[in-house]
Amino acid sequence: MSVFKYEKDADGIVTVTMDQTGPVNAMNSEYREAMSATVEKLEQEQGLTGVVLASAKKVFFAGGDLNELLAAEKGNEAEFMDMLRSTKSVLRRLEKLPAPVVAAINGAALGGGFEICLCCNYRIAWDDKSVQLGLPEVSLGLLPGGGGVVRMVNLLGLEKALPYLLEGKKVAPVKALAEGMIQEIVASTEELVPRAKAWILENKDNDQAAVQPWDNKGYQIPGGKAGSPKLAQLLMMAPALLRQKTRGLLPAPEKILDCAVEAARLDFDTALEIESRGLTYLAVTPQAKNMITTFFFGMNKVNGGASRPKDIDKTLTKKVGVLGAGMMGQGIAYVSAMAGIEVVLKDISQEAADKGKAYSEALFDKQVAIGRITADNNQAVHGLIKPTADDADLQGCDLIIEAVFENIDLKHKITQATQGRLAENGVWGSNTSTLPITQLAEAAEKPENFIGIHFFSPVDKMPLVEIICGEKTSDETLARAFDYTRQIRKTPIVVNDSLGFFTSRTFGTYLDEGVQLLSEGAHPVQIDAMGKAIGMPVGPLAVYDEVSLELTRKAQATWKEMGVLDKWGDGSVTRSVINTMVSEHGRGGRHHGGGFYQYAEDGSKAIWPPLLDMYYKPETQISEQDMKDRLLFRPVIEALKCLETDVLRTVADGNIGSIMGIGAPVWTGGYIQFVNSYGAQRFVDRCTELAALYGDRFAAPQIALEHAKSGELFA
Ligand code: NAD
């Protein structure tokens with residue numbers, strides 16, 4: 001029996017309901033067999049009035065089989081290409097049936113799912129927020145190779161299709177309708193198939209209903225062919241603009257642009273062939289392997305709870321207390337209320353707490369303005385946040401998160417003052433960014449209920465939360481903190497306590513290496529350019545200015561007092577540069593009147609001129625490759641050390657944490673995955689070279705040596 005249910009009604013309409021084995025429909029061998037048999041049967045059908053393509057799953061169709069894509073290797077490209085060709089030829093036959101085919105889209109149709117919809121003559125979608133449409137393949141280093149590039153260009157025209165293809169933009173049904181990606185929406189799933197059938201019957205005598213626009217003789221692509229004068233200017237600029245964005249590190253957008261242009265230049269079937277070649281090329285690149293491994297498989301592992309203790313029931317946080325209504329506290333209150341949680345937002349005065357709530361209100365209003373929530377909803381969410389200066393309001397909180405000033409004595413004091421307000425088994429979370437959780441927990445009556453819940457700024461935008469277990473944190477507390485993080489729709493990575501945890505500790509090495517290069521005499525502009533050349537969003541010196549040299553100096557003073565300064569290596573070079581900058585020159589960073597850069601009112605920045613006199617040595621010769629590798633290898637080495645010493649519990653946490661928390665280049669798939677694609681032995685060899693030239697901080701960690709020897713991947 002096929003996994004595609006086939007039912008013909010009295011009107012001659014066949015409804016094909018896709019219901020593959022497992023939770024989702026996906027383009028794997030089971031699909032290929034079922035779709036091929038179905039199309040063959042439809043081709044032979046007598047008195048066929050039309051076809052409705054429906055899905056028995058919540059998600060209409062999930063897309064390509066990523067395990068299959070991971071298995072594509074250099075050397076077996078021909079096989080992969082054959083498989084693609086045959087998948088696409090079946091879809092081509094589906095769209096050439098003599099009767100119209102209607103997609104009845106009851107759930108998300110992304111990637112391969114939307115490519116199937118594009119083969120249908122008419123597309124009706126359920127207007128619901130669970131339904132998203134689009135072609136996000138680029139975010140996995142791939143291109144929509146199931147006909148998506150060619151059909152989108154033919155449907156929308158090159159200019160309008162490009163953002164969907166190059167940015168992987170996903171849209172809701174209403175927007176898809178306005179864009180011409182679908183033709184109709186309905187208010188409930190129950191209406192989908194009846195409406196699809198009604199449309200087929202309404203168009204029974206319309207010859208054109210079964211013909212795709214691009215199969216009409218003389219069809220004009222909206223906006224014209226690639227050679228048209230209107231598109232000439234766009235096409236002249238596009239490759240350069242794209243390269244500026246990808247910095248030549250991501251092949252997928254460039255390949256997509258090539259294929260899209262070909263789709264607007266060549267005949268339809270030749271363009272499909274070029275598109276298949278494009279996907280085959282991309283599928284075997286290390287970038288695609290890295291991105292699929294981390295953004296899909298790693299992400300599923302992390303969000304699926306690979307680091308959450310098993311056998312502990314799921315909990316729901318109903319009331320959260322947030323101490324400190326400053327920059328972080330405001331954001332934590334906002335994201336919690338957005339998830340329907342009652343929030344007590346406490347600061348030292350009612351006025352300060354009210355100010356914090358006002359920030360959330362502004363964010364809620366923005367959500368209303370862009371249509372994400374309704375005004376009624378907005379009022380309800382507003383009502384969930386209670387600003388206060390009174391500890392008594394915290395009574396009965398399931399969770400209290402403190403986000404007061406970064407000062408260990410203050411944090412101890414407020415823990416002692418308010419921990420008694422927690423509900424039984426309530427969790428105490430600290431949002432500290434630099435203080436060890438185990439030491440903070442010393443003030444707690446129940447250190448087993450104490451945990452780090454480290455948000456990133458700005459809280460409403462940053463998707464990651466780093467959960468830090470202190471020495472005494474219990475599994476139950478970890479499970480509760482994990483569940484709260486999922487409840488507020490963030491991605492939680494779990495790490496064990498260590499100075500700087502995982503994210504700050506790893507990120508710090510990138511900044512440190514930037515300053516090391518400066519102190520060796522490299523040109524500061526070149527240092528930041530090399531940071532960007534490896535794919536970091538910002539160069540190390542510019543980031544240091546944002547993070548603030550002043551704050552770093554303060555944190556280092558605290559670590560010195562605590563006896564943990566230089567715990568992870570010799571920081572004396574950076575310390576000396578920072579001291580000189582801050583103490584001697586008053587250069588504390590961007591928000592302290594300027595740092596390595598000086599900032600103009602219009603937002604532009606330029607290197608602070610005395611910096612060149614202080615550090616730049618024109619005779620210093622460090623090759624660009626060495627600079628790039630130094631800036632990339634330092635955080636990679638640190639991430640491996642975190643894995644080796646159990647600061648990280650899983651490889652996936654390290655990869656997701658580095659991409660989502662500290663901006664690791666996406667092409668690497670995260671700092672640990674980078675070693676898999678670079679090759680562990682090659683990595684160890686390069687570490688040895690760098691260590692000989694620039695110092696022991698580049699020595700390969702033991703865990704890398706072991707993987708180089710065994711050939712085992714980090715997984
Ligand atoms: P902030 O200075 O903006 O806010 C701190 C707030 O705490 C102020 O509103 C202050 O009035 C309040 N406060 C002080 N004492 C209090 C008390 N006894 N009771 C209640 N409220 C009190 O600071 P922030 O940037 O929001 O940082 C807060 C915490 O979050 C720090 O531990 C910081 O290390 C951490 N953190 C900051 C960032 C960031 O990027 N700013 C990122 C992650 C973590």
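The values are calculated or read from the model by the stated rules, or taken from the named source; none is laboratory data. Only a predicted model underlies this, so the values are computations on that prediction, with no experimental measurement involved. So basically every Cβ, Gly included, is an ideal-geometry build from the backbone, and we count neighbours across all protein chains shown. Areas reflect the complete protein model, heavy atoms only, side chains present, ligands, DNA and RNA absent. Shrake-Rupley method; radii C 1.70, N 1.55, O 1.52, S 1.80 Å.
Pop out the carbon and sulfur fraction of the accessible area of the chain as a percent, whole number, probe 1.4 Å.
Numbers: 15800 of 30260 Å².
In the chain, the share of accessible area belonging to carbon and sulfur is 52 percent.
Using the Kirkwood radius over Cα pairs, work out the Stokes-Einstein diffusion coefficient for the chain at 37 °C and 0.692 mPa s, in µm²/s as a whole number. Show your work: numbers first, answer last.
Numbers: Rh = 28.2 Å.
Estimated via Stokes-Einstein, D reaches 117 µm²/s.
Pairs of alpha-carbon atoms within less than 8 angstrom and 6+ residues apart define the contacts here; what relative contact order does the chain have, in percent?
Values: 1327 pairs, mean separation 66.1, N = 715.
That works out to 9 percent.
Whole-Hz ³J(HN,Hα) for each residue in the range 39-52, computed from phi via Karplus 6.51 cos²θ - 1.76 cosθ + 1.60 with θ = phi - 60°, x for glycine and proline: what do you get?
5, 4, 5, 5, 5, 8, 5, 8, x, 7, 8, x, 10, 10
With each label point set 7 Å from Cα along the Cα-Cβ vector, what nm distance links Met462 and Asp475?
3.0
So what are the ³J(HN,Hα) numbers for the range 322-339, from phi and the Karplus equation (6.51, -1.76, 1.60; θ = phi - 60°), rounded to whole Hz, Gly and Pro as x?
So the Karplus estimates, Gly and Pro as x, are 10, 9, x, 9, x, 3, 7, x, 4, x, 5, 4, 4, 5, 5, 5, 4, 8 Hz.
Hey, can you grab everything whose amide H is under 5 Å from the amide H of Val186? Only 5+ residues off in sequence or another chain; H modelled, so Pro and N-termini drop out.
Ala125, Trp126, Asp127
For the range 679-715 and the range 130-167, what is the separation of their Cα centres, given in Å?
Value for the Cα centre distance between the two parts: 39 Å.
With each label point set 7 Å from Cα along the Cα-Cβ vector, what nm distance links His382 and Gln44?
Once both label points are built, they end up 6.6 nm from each other.
Can you give the calculated 222 nm mean residue ellipticity of the chain, where each DSSP H run of n ≥ 4 adds -39,500 (n - 2.57) and the sum is split over every residue, rounded to the nearest 500 deg cm²/dmol? Can you show the working numbers first?
Values: 30 runs with 338 residues, N = 715.
Counting only the DSSP helices, I get -14500 deg cm²/dmol.
For the range 280-431, what does the convex hull of the Cα positions come to per residue, in cubic angstrom?
Values: hull volume 26.1 nm³, N = 152.
Roughly 172 Å³ of hull volume per residue.
In whole Å, how far is the Cα centre of the range 395-474 from that of the range 618-648?
Rounded to whole Å, the Cα centres lie 32 Å apart.
Name the longest site-free stretch of the chain, where the excluded sites are chymotrypsin sites (Phe, Trp or Tyr not before Pro) in a DSSP loop with no more than 13 other beta-carbon atoms within 10 Å.
On the way: sites that count: Tyr219, Phe405.
Result for the longest clean stretch: 406-715.
Give, in whole angstrom and from largest to smallest, the semi-axes √(5λ) of the equivalent ellipsoid of the range 412-493, with λ running over the eigenvalues of the Cα gyration tensor. Kindly include the intermediate steps, with their values, before the conclusion.
Details: eigenvalues 85, 38, 28 Å².
Equivalent-ellipsoid dimensions as semi-axes: 21, 14, 12 Å.
Would you kindly give the portion of the calculated P(r) for the range 137-279 that falls above 20 Å, as a percent of all Cα pairs? Intermediate results must be reported in sequence, preceding the final value.
Numbers: 5522 of 10153 pairs.
Counting pairs separated by more than 20 Å, the tail of P(r) holds 54 percent.
Mind checking the log10 I(q)/I(0) for the range 25-153 at q = 0.19 Å⁻¹? Debye, one equal scatterer per Cα, no solvent, two decimals.
Each listed q corresponds, in turn, to -1.12.
Give a residue-ordered list of calculated ³J(HN,Hα) values for the range 518-524 (Karplus: 6.51 cos²θ - 1.76 cosθ + 1.60, θ = phi - 60°; whole Hz; x for Gly, Pro).
Values, residue by residue: 4, 6, 7, x, 5, 6, x Hz.
Please work out the FRET efficiency for the pair Lys314 and Lys58, using the Cβ-Cβ distance as r and a Förster radius of 22 Å; give the result to the nearest 0.05. Write out the running numbers ahead of the final one.
On the way: r = 20 Å, r/R0 = 0.91.
Once rounded, the FRET efficiency stands at 0.65.
Excluding same-chain residues fewer than 8 positions from Lys129, which aspartates and glutamates have a Cα within less than 18 Å of its Cα?
Cα-Cα hits under 18 Å: Glu179, Glu184, Glu190, Glu191, Asp376.
Between 0 and 90 degrees, rounded to the nearest ten: what's the tilt of helix 651-662 against the longest Cα principal axis of the chain?
With rounding to tens, the tilt is 80 degrees.
In square angstrom, what is the accessible area per residue of the chain with a 1.4 angstrom probe?
Per residue, the chain has an accessible area of 42 Å².
How high is the relative contact order of the range 95-249, in percent, with contacts defined as C-alpha pairs under 8 Å that are six or more residues apart? Can you show the working numbers first?
Values: 236 pairs, mean separation 41.3, N = 155.
Relative contact order, the range 95-249: 27 percent.
Under 5 Å between amide H atoms, partner at least 5 residues away or on a different chain: which partners does Val101 have, H built in plane at 1.01 Å?
So Val101 has HN proximity to Val51, Asn121, Tyr122.
Quick one: putting +1 on the C-beta of Lys and Arg, -1 on the C-beta of Asp and Glu, what dipole do you get for the chain around its Cα centre, in Debye to the nearest 20? Mind dumping the intermediate values first?
Values: 74 positive and 91 negative charges, 137 e Å.
Roughly 660 debye, rounded to the nearest 20.
Under a point spin-label approximation (7 Å from Cα along Cα-to-Cβ), what is the Ala692-Asp207 distance to one decimal in nm?
For Ala692 paired with Asp207, the spin-label model returns 7.7 nm.
Which three lengths, in whole Å and largest first, does the range 1-87 cover when its Cα atoms are put on their principal axes?
Projected onto its principal axes, the Cα set of the range 1-87 covers 51, 28, 19 Å.
Skipping prolines and chain starts, which residues have an amide H placed within reach, meaning under 5 Å, of the one on Glu402, given they are 5 or more residues away or on another chain?
Leu323, Gly429, Ser430, Asn431
When only C-alpha pairs under 8 Å and at least 6 residues apart count, what is the relative contact order of the range 577-668, in percent?
On the way: 41 pairs, mean separation 8.3, N = 92.
Relative contact order here is 9 percent.
Could you list, in their original order, any pairs among Lys5/Lys57; Lys41/Lys204; Lys301/Lys446; Lys96/Lys217; Lys319/Lys346 whose Cα atoms are separated by more than 19 Å? Kindly include the intermediate steps, with their values, before the conclusion.
Values: Lys5/Lys57 12 Å; Lys41/Lys204 21 Å; Lys301/Lys446 30 Å; Lys96/Lys217 14 Å; Lys319/Lys346 13 Å.
The pairs that break the limit, which is 19 Å between Cα atoms, are Lys41/Lys204; Lys301/Lys446.
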